[in-house]
2 protein chains.
Amino acid sequence: MSLPSVLISEVGPRDGLQSVSRTMPTAAKCAWIDRLFDAGLREIEVGSFVPAKLLPQMADVADVVRHALTKPGLTVMALVPNLRGAEAALAAGVHKISIPLSASEAHSQANVRKTREQALQDLRAITALRQERYPGARVEVGMSTAFGCTIQGTVSDDEVVWVAERAVAAGVDEVGLSDTTGMANPTQVRRLFNRVRAAIGERTGAAHMHNTRGLGLANCLAAFDVGVRTFDASQGGLGGCPYAPGASGNVVTEDLVFMFESMGIATGVDLERLMAARDALAAGLPGEALYGMTPEAGLTKGFAYADGRHPAAERLLNRIEKDCA
Amino acid sequence: MSLPSVLISEVGPRDGLQSVSRTMPTAAKCAWIDRLFDAGLREIEVGSFVPAKLLPQMADVADVVRHALTKPGLTVMALVPNLRGAEAALAAGVHKISIPLSASEAHSQANVRKTREQALQDLRAITALRQERYPGARVEVGMSTAFGCTIQGTVSDDEVVWVAERAVAAGVDEVGLSDTTGMANPTQVRRLFNRVRAAIGERTGAAHMHNTRGLGLANCLAAFDVGVRTFDASQGGLGGCPYAPGASGNVVTEDLVFMFESMGIATGVDLERLMAARDALAAGLPGEALYGMTPEAGLTKGFAYADGRHPAAERLLNRIEKDCA
């Protein structure tokens, strides 16, 4: 009997680093990716192909991709906002590109200055390029504001399903749903993933949840309950939508891995190595605030991975010495 | 059709205040309880009946109970560690007493210097007192270390079920399960509440979850999924098991209420008033760290309570002004 398992897609080197105003040096990015890979992560979004004028933090993305491509078995992903970005990313050799597409019309116009129809047209140009010149590459849409929008407020399920169907008709392989500003709740997550799956079947992609209001892990659990098996997360919770002071954005990879492994759901990730990889992130961005409850508290006494393995240094990791009433 | 609903049991004035070394002045405690009640909370654990030598923070508990009893419709709870505490609490007029009882034998001996058998014997003395002199009062057991123990590690489901059955045989009305040190995971929460319900039926009580490793809300969701309808939480996440630096203990009431209301599950709590009640807590304990993601981020644009009501000042509360890709 095989274990239930999930794929954790680490987005920190893209989503995290582009949210920070400082630029992590290329060598530090590569060292961090090394550590994430060594911890067992097998899909990493390593950067964005965007003009360096707009996001200087990502100016070295082709170099970072080149380094990441040396890792055997790693799916190297990059975010691309348009055809030009897709051309550059595919030419650099990435295995998978991710294209943001808004569920909310208001968000689409505010965020990328395109209507959703125009964005879908761009998407068709990108999938045509893929078909013609890079048939081995995968194209994913990350649907932003799928659970609500800070401009228009509520986004209807019908709109989300419509955008998902149109994206699939435009030739993408996967459509993931993103809780861009942390508005999702577990009931909605279950209902919406069920509806999207009914519409586009196995092209239903990742859950990209934010922890803005503390519901990140509960929403991931809800998504797992209805069959989602790929989850975006960011080491230390770096990035996401950090416009609320003190509120972290992305789901913390360390906490997400802890949740699944403790539930008996294999992630392939070694938690001790993953927590140790925070050192590489901290070294590249000294002083940056890192989130994560599991790294603070350590693993639990008696912790076992989904496959039954025990951590190598459990005593050292369990930092809670005393029980409470 | 009536809304699904839950009872949020606020434990901050007991669990929170006894974890803090400073003592909140009696008037400040009463003012905080006023605000919690005004926000719609209808069960509050207002203190512990323990010797003032051991917990000077709780020396004024009888005065606080007296004040809380003036609130119409409020269930006034107190924690009692033994028969002497139960006598004092019931004489003071509390509606409900909560008695900690360890699932783990090792924890029982370390925490209260009694075997579980001795603790069960004390429990029988307490329920006998109730029967004889306070038949209207309720007696609840909060089973600590139900999901794991930092001394013995894993606690078997069989042990938890055995303790629950023995507590019911000793005459208690409810047995809640506590994740004393944040070791629970959603799979275990579902399995264990199902097993306990199969054993003791409707005497299955509250889920008391901790957020030590970030899973607090996910575990509450899991408990709700299997029929739990009472949830302990603490304003600002005060208290719990704060021995891990930076790790909050109790589930944050504000985030828990946000989760349920956004799912369409009524709590009876007004989130704006609840968030404003943090001022009273902060005034009574200046400088104390308060947790909570929803208070940081504000309510979502378009937020509606389970009953369809919109917040009075939504624009002011939604502090996220900008969407992210």
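Which condition does B:ALA146 not pass, out of (1) in contact (Cβ under 8 Å) with a residue 40 or more places away in the chain; (2) not in a loop (DSSP other than H, G, I, E, B), if it passes all the others?
(2)
Just wondering, is there one or more residues in the stretch A:164-177 that are closer than 26 Å to B:PHE258 by Cα, surrounded by 21 or more Cβ atoms within 10 Å (Cβ to Cβ) and modelled with pLDDT of 95 or more?
Residues of the stretch A:164-177 closer than 26 Å to B:PHE258 by Cα: A:176-177.
Imposing the further condition that a residue be surrounded by 21 or more Cβ atoms within 10 Å (Cβ to Cβ) reduces the set to A:176-177.
Those still in the list that are modelled with pLDDT of 95 or more too: A:176-177.
Yes, the conditions are met somewhere in the stretch A:164-177.
Report, by residue number, each residue of the stretch B:26-52 that is aromatic (Phe, Trp, Tyr) and within 19 Å of B:PRO81 (Cβ to Cβ). If you could, list the steps in order and put the result at the bottom.
If we filter the stretch B:26-52 for residues that are aromatic (Phe, Trp, Tyr), which is where we start, we get B:32, B:37, B:49.
B:PHE49 - this is the single residue of the stretch B:26-52 that is aromatic (Phe, Trp, Tyr) and within 19 Å of B:PRO81 (Cβ to Cβ).
Contact list please: Cβ distance under 7 Å, first residue in the stretch A:294-314 and closer than 13 Å to A:MET263 by Cβ, second residue open to solvent by 50 Å² or more (accessible area, probe 1.4 Å) and β-branched (Val, Ile, Thr), pairs at least six apart or on different chains.
Pairs that qualify, where the first residue is closer than 13 Å to A:MET263 by Cβ and the partner is open to solvent by 50 Å² or more (accessible area, probe 1.4 Å) and β-branched (Val, Ile, Thr): there are none.
Just a yes or no: is a residue in the stretch B:144-161 of a type in the set (Gly, Ala, Ser), touching a helix residue (DSSP H, G or I) at 6+ places or on another chain (Cβ under 8 Å) and over 18 Å from B:ILE97 (Cβ atoms)? Working first, answer last.
To start, the set of residues in the stretch B:144-161 that are of a type in the set (Gly, Ala, Ser) comprises B:144, B:146, B:148, B:153, B:156.
Within this subset, residues satisfying the condition of being touching a helix residue (DSSP H, G or I) at 6+ places or on another chain (Cβ under 8 Å) are B:144, B:146.
Next, only the ones that are over 18 Å from B:ILE97 (Cβ atoms) stay: B:146.
The answer is yes, given that some residue of the stretch B:144-161 is of a type in the set (Gly, Ala, Ser), touching a helix residue (DSSP H, G or I) at 6+ places or on another chain (Cβ under 8 Å) and over 18 Å from B:ILE97 (Cβ atoms).
Go through (1) of a type outside the set (D, E, K, R); (2) touching a residue at least 40 places away in the same chain (Cβ under 8 Å); (3) more than 14 Å from chain B (Cβ to nearest Cβ); (4) not in a helix (DSSP H, G or I) and name the single condition A:GLN131 misses.
For A:GLN131, the failing item is (4).
Out of the stretch A:219-230, which residues are within 16 Å of the chain's Cα centre (by Cα) and at the interface with chain B (Cβ under 8 Å from one of its Cβ atoms)?
As a first pass, look at the stretch A:219-230 and keep what is within 16 Å of the chain's Cα centre (by Cα): A:219-221, A:223-224, A:228-230.
Across the stretch A:219-230, the qualifying residues are A:CYS220, A:LEU221.
How about the stretch B:291-309: which of its residues are touching a Lys or Arg at 6+ places or on another chain (Cβ under 6 Å) and open to solvent by 30 Å² or more (accessible area, probe 1.4 Å)?
Of all residues in the stretch B:291-309, those touching a Lys or Arg at 6+ places or on another chain (Cβ under 6 Å) come to B:293-294, B:297-298.
Of everything in the stretch B:291-309, just one residue is touching a Lys or Arg at 6+ places or on another chain (Cβ under 6 Å) and open to solvent by 30 Å² or more (accessible area, probe 1.4 Å), namely B:MET293.
Take the residues in the stretch A:149-186 that are outside any helix (DSSP H, G or I) and without any contact (Cβ under 8 Å) to a residue 24 or more places away in the chain, then tell me which one is farthest from the other protein chains (Cβ to nearest Cβ). Full working, then the answer.
First pass over the stretch A:149-186, keeping only residues outside any helix (DSSP H, G or I): A:149-156, A:170-185.
Checking the rest, the ones that are also without any contact (Cβ under 8 Å) to a residue 24 or more places away in the chain come to A:153-154, A:156.
Working: A:GLY153: 3, A:THR154: 4, A:SER156: 11 Å.
Checking each candidate, the answer is A:SER156.
Among the numbered criteria (1) without any contact (Cβ under 8 Å) to a residue 40 or more places away in the chain; (2) in contact with a Ser or Thr (Cβ under 7 Å, 6 or more places away or on another chain), which single criterion is violated by A:GLN121?
If we test A:GLN121 against (1) without any contact (Cβ under 8 Å) to a residue 40 or more places away in the chain; (2) in contact with a Ser or Thr (Cβ under 7 Å, 6 or more places away or on another chain), just (2) comes out false.
Given (1) open to solvent by less than 10 Å² (accessible area, probe 1.4 Å); (2) at positive phi, where does B:GLY227 come up short, assuming only one miss?
(1)
Within the stretch A:130-163, count every residue that is touching a Ser or Thr at 6+ places or on another chain (Cβ under 6 Å), open to solvent by 10 Å² or more (accessible area, probe 1.4 Å) and of a type in the set (Gly, Ala, Ser).
1
Would you confirm whether any residue within the stretch A:187-203 is among the hydrophobic types (A, V, I, L, M, F, W, C), open to solvent by 20 Å² or more (accessible area, probe 1.4 Å) and part of a loop (DSSP other than H, G, I, E, B)?
no
How many residues are small (Gly, Ala, Ser) and away from chain B (no Cβ under 13 Å) when one looks only at the stretch A:103-128?
Taking the stretch A:103-128 as the starting set, the residues that turn out to be small (Gly, Ala, Ser) are A:103-104, A:106, A:108, A:110, A:119, A:125, A:128.
Those left that are additionally away from chain B (no Cβ under 13 Å): A:125, A:128.
The number of residues fulfilling the criteria is 2.
Scan the stretch B:252-305 residue by residue and report those that are assigned to a loop (DSSP other than H, G, I, E, B), at the interface with chain A (Cβ under 9 Å from one of its Cβ atoms) and of a type in the set (Val, Ile, Thr).
Within the stretch B:252-305, B:ILE265, B:THR300 qualify.
Does any residue of the stretch A:90-105 turn out to be farther than 19 Å from A:VAL46 by Cβ and either more than 22 Å from the chain's Cα centre (by Cα) or without any contact (Cβ under 8 Å) to a residue 12 or more places away in the chain (or both)? Step through it out loud before you land on a result.
Here is the first cut: in the stretch A:90-105, the ones farther than 19 Å from A:VAL46 by Cβ are A:101-105.
When the remaining residues are screened for being either more than 22 Å from the chain's Cα centre (by Cα) or without any contact (Cβ under 8 Å) to a residue 12 or more places away in the chain (or both), the result is A:105.
Taking every residue of the stretch A:90-105 in turn, at least one turns out to be farther than 19 Å from A:VAL46 by Cβ and either more than 22 Å from the chain's Cα centre (by Cα) or without any contact (Cβ under 8 Å) to a residue 12 or more places away in the chain (or both).
The values are calculated or read from the model by the stated rules, or taken from the named source; none is laboratory data. Given the structure is predicted, the values throughout are model-derived calculations rather than measurements. Note that each Cβ is placed from the backbone with ideal geometry, even for glycine, and that neighbours are counted across all protein chains shown. What goes into the accessible areas is simple: the full protein's heavy atoms, side chains included, and nothing from ligands, DNA or RNA. Shrake-Rupley method; radii C 1.70, N 1.55, O 1.52, S 1.80 Å.
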